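Chemist: The structure is given below, and queries will be raised subsequently.
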Amino acid sequence: MSVRHSLLALLSAGPMHGYGLKTEFEAATGDVWPLNVGQVYTTLGRLERDGMVTAETDADGQKIYQITDPGRGELARWFDTPVPREVIPRQELAIKLVFAMRSGAADVTAVVQRQRVATVRALQDITRLKTDAEASGDTAWLLMLDALVFQAEAEARWLDMCEARLAREQVSTDLARRRAEVQQLGIAAAPAAERSTE
Amino acid sequence: MTVLDIDHAGRVFGSGHLRVVALDGVTLQVGPGEFVAVMGPSGSGKSTLLRLAGGLDRPTSGRVLLAGRDLAPLDEAGLAEARRRQVGFLFQEANLLPTLTAAENVALALELDGVRPKAAMAGARGLLESLGLLAAAGARFPAQLSGGEQQRVAIARAVAGGRSLLLADEPTGALDVLTGETVMGLLRQRCDSGCAVVLATHNIRHAAWADRVVFLSGGRLSGETGPPPGPGCLLETGRTR
C-alpha cells in the first residue's frame, strides 16, 4: 500500500494538516489500513525533502501541507502505472494449511472449514455495509468494499479447491486400499477354488 | 411459526451397489423474513435439499413441514396445491413463458390463485414496479428483456400472491457480476418485507447476503455461521461519514 501516493492524492484536492490527512485516509479506506500519525508525518517529511510537497506554518503554529508540480507529476505517474503483483505475498492462511498438511498435527479439513466460516462472517459484514453504501450513493466507498469482497471470495474459492483436492486424495487412498483388499482376497480365494475342483 | 421445518430429512436414490445417499439426516428451520444460504460444492445435496423443501420431491427418511404442515400425508394434488400457495421457485434460468408478456407471466401466477384477471394484471404491474421494472418493460415479451430483467420478472412471479417461502437455486449463475448483485439485493428486500428465502449457491459472495449460512458436504450439514452478530461490524469503527 502506498501511503505516499495516497497522501499526494488527498493533497491534490487542497492543502491540509497532517492530522487531517490521517483522518481523511482512514475515512476513505474504512479503517482497513489504520495509519499511525507518526507514519503520516514521516512520509510528509520525505515528500517535503523530495520536493513533492511544501509546508507552511499557519496562525496556530501548525504545519499545513501543499502539493507541488513534481508532486502532481508523481501522482499522475502512480495512476498511470499498473500495480505490480507481489511475486510471493506472505499469506498466513496458505502457510498454515501447508504446515497443517505436512506436519499432520491438525485436521486439515477442519482448518479449512473454520476458515471458511470466518470468511463468510466477514463477508456478511461487508455486504451489510455495501447495502448502506448503495443507499447513500457513495461509489468510492462501494469500490473499496467490492475489493474486500472479491479478495474474500478468492480466498474462499481457494479453500473450496483445497477441500476438493483433499476429498479426491481421500477417495484415491480408499480406492487403493480396497483394491489391495480385493487382491488379497483373490489370492486367498484362488487356491480354495482350485481345491473345490479337485 | 417456522415457514420451513426440515426435520432429520434424508434422501436416498437407487438401491444395492447403486445406492446414493444425497441427503443424510439434515435438519433446518427457517423463520418468516429469514434469509438462509445453503453452500456446498456440486453434489453436496443443495439442490436435493431445495427440492424437498419445496415439495418437488419426498424425503426417504425424516419430515418436511411447510408452515407447520407435514407434507408426507399429501397426495400429488395436495402437494402441488401446497407448493402453489406457499412456495416460489427461482432457478438459474428465468423460465418465463415466451408467448406471454412479463406482466402476464406474473399475473398468471395470481390468476391460478383465483384472483380475477384485471386485478391480477394490476397486482403483477405493482410487483414488477416494486422490483424496479417499469410499466414499459412489463408489456414486453421475455425475449425482449435482458437476463437481469427476466430474473426480476421471475422473482415477481415467485413471490406473487404473498408466497411465504422463496427457494432460489443459483439464481444469478447466468448473470454478469453487477446484475447478479442487484438480484441478490432484491432477494434481500423480499426478506425484509417478510418472505423467507432459502438460497442454494456455491458462491460465497452471494451467500454473504444471507442472515445465516449453512454448509452441506456429502449430504450432511457440516457447519453454519449462526445468526448475524449485532451491530459492531469489523469495518464500522472510526469511519467518519
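Chemist: Past 32 Å, Cα to Cα: identify those pairs from A:LYS96/B:LYS46; A:LYS22/A:LYS96; A:LYS130/B:LYS46, in the order given.
Modeler: Long pairs (Cα-Cα over 32 Å): A:LYS22/A:LYS96.
Chemist: Using a 10 Å cut-off on Cβ to Cβ distances, tally the other chain neighbours for every residue of B:207-217 and report the average as a whole number.
Modeler: Taking all residues of B:207-217 together, the mean is 4.
Chemist: Next question. Give me the Kirkwood hydrodynamic radius of the stretch A:92-171 in Å, from all C-alpha pairs, to one decimal place?
Modeler: Computed over the stretch A:92-171, the radius equals 14.1 Å.
Chemist: Suppose we keep just the DSSP beta bridges with both residues in the protein assembly as shown; what percent of those would be antiparallel, to 5?
Modeler: Roughly 60 percent of the beta bridges in the protein assembly as shown run antiparallel, per DSSP.
Chemist: Moving to a separate point now. If you fit an axis through the alpha-carbon atoms of helix A:69-80 and take the longest principal axis of the Cα set of chain A, what angle between them do you get, 0 to 90°, nearest 10?
Modeler: Here the helix axis deviates by roughly 20 degrees.
Chemist: Further question on the same structure: What order do you get for A:SER6, A:SER136 when you list them from fewest to most C-beta neighbours inside 10 Å?
Modeler: Ordered from fewest to most neighbouring Cβ atoms within 10 Å, A:SER6, A:SER136 come out as A:SER136, A:SER6.
Chemist: Further question: For the stretch A:1-116, what is the convex hull volume of its Cα atoms per residue in Å³?
Modeler: Given the Cα convex hull of the stretch A:1-116, per-residue volume reads 152 Å³.
Chemist: Provide the convex hull volume over Cα atoms per residue for the stretch B:1-79, in Å³.
Modeler: 94 Å³
Chemist: Sort A:TYR19, A:TYR41, A:TYR65 so the one with the fewest other Cβ atoms within 10 Å of its own Cβ comes first. Provide the component values of the computation, followed by the final result.
Modeler: On the way: A:TYR19 12, A:TYR41 15, A:TYR65 24.
Least crowded to most crowded, the residues run A:TYR19, A:TYR41, A:TYR65.
Chemist: Give the share of C-alpha pairs in each 5 angstrom bin for chain B, from 0 to the last occupied bin, in whole percents, shortest bins first.
Modeler: The distribution over chain B is 1, 6, 13, 17, 18, 16, 12, 8, 5, 2, 1, 0, 0, given as percents.
Chemist: State, in angstrom, two size descriptors of the stretch B:122-215 derived from its alpha carbons: Rg to one decimal place and Dmax to the nearest whole number.
Modeler: Taking only Cα atoms of the stretch B:122-215, I get Rg and Dmax of 13.1, 41 Å.
Chemist: Between 0 and 90 degrees, rounded to the nearest ten: what's the tilt of helix A:108-136 against the longest Cα principal axis of chain A?
Modeler: The angle comes out near 40 degrees.
Chemist: Follow-up. Using the Kirkwood formula over every pair of different C-alpha atoms, what hydrodynamic radius in Å results for the protein assembly as shown?
Modeler: 25.9 Å
Chemist: What fraction of the Cα pairs in the stretch B:50-165, stated in percent, has a spacing above 19 angstrom? Could the numbers behind the result be given before it?
Modeler: Details: 3195 of 6670 pairs.
When every Cα pair of the stretch B:50-165 is considered, 48 percent fall beyond 19 Å.
Chemist: Could you give the semi-axes, largest first, of the ellipsoid that matches chain A, computed as the square roots of 5 times the alpha carbon gyration tensor eigenvalues and rounded to whole Å? Show your work: numbers first, answer last.
Modeler: Details: eigenvalues 732, 67, 39 Å².
Whole-Å semi-axes of the equivalent ellipsoid: 60, 18, 14.
Chemist: Averaged across A:116-123, how many Cβ atoms of other chains sit within 10 Å of each residue's Cβ atom?
Modeler: 6
Chemist: Counting helices only, and only those DSSP H runs with n ≥ 4, report the 222 nm mean residue ellipticity of the protein assembly as shown as the sum of -39,500 (n - 2.57) divided by its residues, in deg cm²/dmol to the nearest 500.
Modeler: The helix contribution divided over the protein assembly as shown gives -17000 deg cm²/dmol.
Chemist: Quick one: compute the contact order of chain A, relative version, from alpha carbon pairs under 8 angstrom and 6+ residues apart, as a percent.
Modeler: In percent, rounded to a whole number, it is 16.
Chemist: So how do B:PHE215, A:PHE79, A:PHE99 line up by other beta-carbon neighbours within 10 Å, fewest first?
Modeler: A:PHE79, A:PHE99, B:PHE215
Since every read-out is calculated from the coordinates, none of them should be taken as a lab result. All values derive from a computational prediction rather than experimental measurement. So basically every Cβ, Gly included, is an ideal-geometry build from the backbone, and we count neighbours across all protein chains shown.
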